[in-house]
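No value in this document is a laboratory result; all are computed from the given coordinates. None of the values given here were measured: they were computed from a predicted structure. Reconstructed Cβ throughout: ideal geometry from the backbone, glycine too, with neighbour counts over all protein chains shown.
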Amino acid sequence: MAPLLDICDLRVSFGSAEAVRGINLQLDEGEVLGLVGESGSGKSATALAILGLLGPAAKVTGQMVWCGSTGSDGMERALAENSRSALEIAGLDLLQQPVEVLRRLRGREIAMIFQEPMTALNPVMTIGRQVAECAQAHQSSWTGRDAKRRAMAALEAVAIPEAARRYDDYPHQFSGGQRQRILIAMALINRPRLLIADEPTTALDVTVQAQILALLAQLQREYGLAMLFISHDLAVVGQVADRVAVMRAGQIVETGRVREVLTRPQHEYTRSLLAAVPTLRTDREQPLAMIK
Ligand SMILES: Nc1ncnc2c1ncn2[C@@H]1O[C@H](COP(=O)(O)OP(=O)(O)OP(=O)(O)O)[C@@H](O)[C@H]1O
Ligand SMILES: [Mg+2]
C-alpha cells in the first residue's frame, strides 16, 4: 500500500500545557488506523492538527507529509477538475502550508466527522441544502441541479430512508443515528482519501452505534478510503481498524496490528484499557481496573 500521511514528531501545546508530545504516525492509502486513549490523552488535538483547525492558541511543530494523490485516480481527478489540485500538495509538509492550501485539502482530500452530530449541522438549514453545499464548495463548476443530484445520491448511499422526500427536512426532524449518517454523507460527498472520525459513535446508543460502525466499514471498503478512527474504546476500534495506536498523556505508548494489540498488549496502559472493558465474565462485585 502506498503511504498517504506521514506524521513525524508532532507536538501540540496550549501555553505551557503539552497536549501532544512528539508522536509519529503513518497511514497508508485505504488503511484504517485506530487511535485510542483515555480522555485528555491528545486524540482530538492530533486530529485537529492534521486539518489545521487548532486555532491560534495552539503551537504546533513537527512534520506532517501528505503523500496522497500519487495514484492514477488522483491524476484523473486533477485533470478532470482542471484546478490547482491536490497533486500540487502531494509530498508537502501540511504544517508549512498557507491557509488556502489547507482549506482546499479539507473536505476535498481529508474530511472529518465529529462526535456530536447535532452541533455539527446547521439547525436552520435543510439537510439537502447542507449536503449539496458541501459538494458545491469544492466543485465550483457544478450547477445547483448537479449538486442536488449528487447530494441525493450521497444520502441514499448512507441509507437515509426516503431520501428524496426528506431532502427538505431540518436536522431536528432526524434521529441521532440518522444525523450521524447525514454527516457521513457530507464528509464523503467529495470522495476524500482520508476520513478522520473523532468518536463518531460515542453519543449514540449501542444498537445505533453498531449500525454506524457497519456503515463506515462498508463505505471505507467501497471507496478505498483511509480512515483515522478515534475512540476511547479499544473494543470499538477493534471492530473497524487494521492497526491501532494507543495514546496516553500526549504520547503513543503502543502501536501494532489490531488483533495483536488486543490479544497480546505489550504496554501496561493498553492492558488497563482492555481490563476496563466489562465482559460477561467480569465479576460484578469487583471495581473496574484502575489505569495507573
Ligand atoms: N483549545 C484548547 N486550549 C487549551 N487546552 C486544550 C485545548 N484543546 C485541548 N486542550 C488540552 O489538551 C489535552 C488533550 O485534549 P484532547 O481534546 O486532544 O483530548 P482527547 O484525547 O481528544 O480527549 P477526549 O477523549 O475527552 O475527547 C487536554 O489536556 C485538553 O485539556
Ligand atoms: Mg477528543
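Where Lys and Arg each count +1 and Asp and Glu each count -1, what net charge lies around M125 among other residues with Cβ under 12 Å from its Cβ? Could the numbers behind the result be given before it?
Details: positive: R129; negative: E133, D168, D169.
Neighbourhood net charge equals -2.
Look at where the Cα atoms of the stretch 199-218 and of the stretch 108-181 average out, and the two centres are 18 Å apart. In the chain, taking the dipole from charged Cβ atoms about the Cα centre, the farthest positive-side position among Q209, A137, A19 is held by A137. Can you tell me what percent of all Cα-Cα pairs in the chain are more than 26 Å apart? When every Cα pair of the chain is considered, 46 percent fall beyond 26 Å.
Run through every distinct alpha carbon pair of the stretch 122-191 and return the Kirkwood hydrodynamic radius in angstroms, one decimal place.
Details: mean 1/r = 0.0855 Å⁻¹.
That comes to 11.7 Å for the stretch 122-191.
Normalising by the residue count of the chain, find the relative contact order in percent from Cα pairs under 8 Å and 6+ residues apart.
Working: 536 pairs, mean separation 69.5, N = 292.
That works out to 24 percent.
May I ask for the percentage of alpha-carbon pairs in the stretch 132-274 that lie more than 22 Å from each other? Counting every Cα pair in the stretch 132-274, those more than 22 Å apart make up 47 percent. Estimated from helices alone, the mean residue ellipticity of the chain at 222 nm is -11000 deg cm²/dmol (sum of -39500 (n - 2.57) over DSSP H runs with n ≥ 4, per residue).
Quote the charge dipole size of the chain about the Cα centre in Debye, to the nearest 20; the model charges only the Cβ of Lys and Arg (+1) and of Asp and Glu (-1).
Working: 31 positive and 32 negative charges, 57 e Å.
Once rounded to the nearest 20, the dipole reads 280 debye.
Scanning the chain for long hydrophobic helices, with DSSP H runs required to stretch 24 angstrom or more by C-alpha along their axis and to average at least 0.0 on the Kyte-Doolittle scale, returns 206-223. Exposure proxy shown here: for I7, I160, the number of other Cβ atoms within 10 Å sets the order, fewest to most, as I7, I160.
Exposure proxy for C8, C67: other Cβ atoms within 10 Å of each Cβ, ordered fewest to most, give C8, C67.
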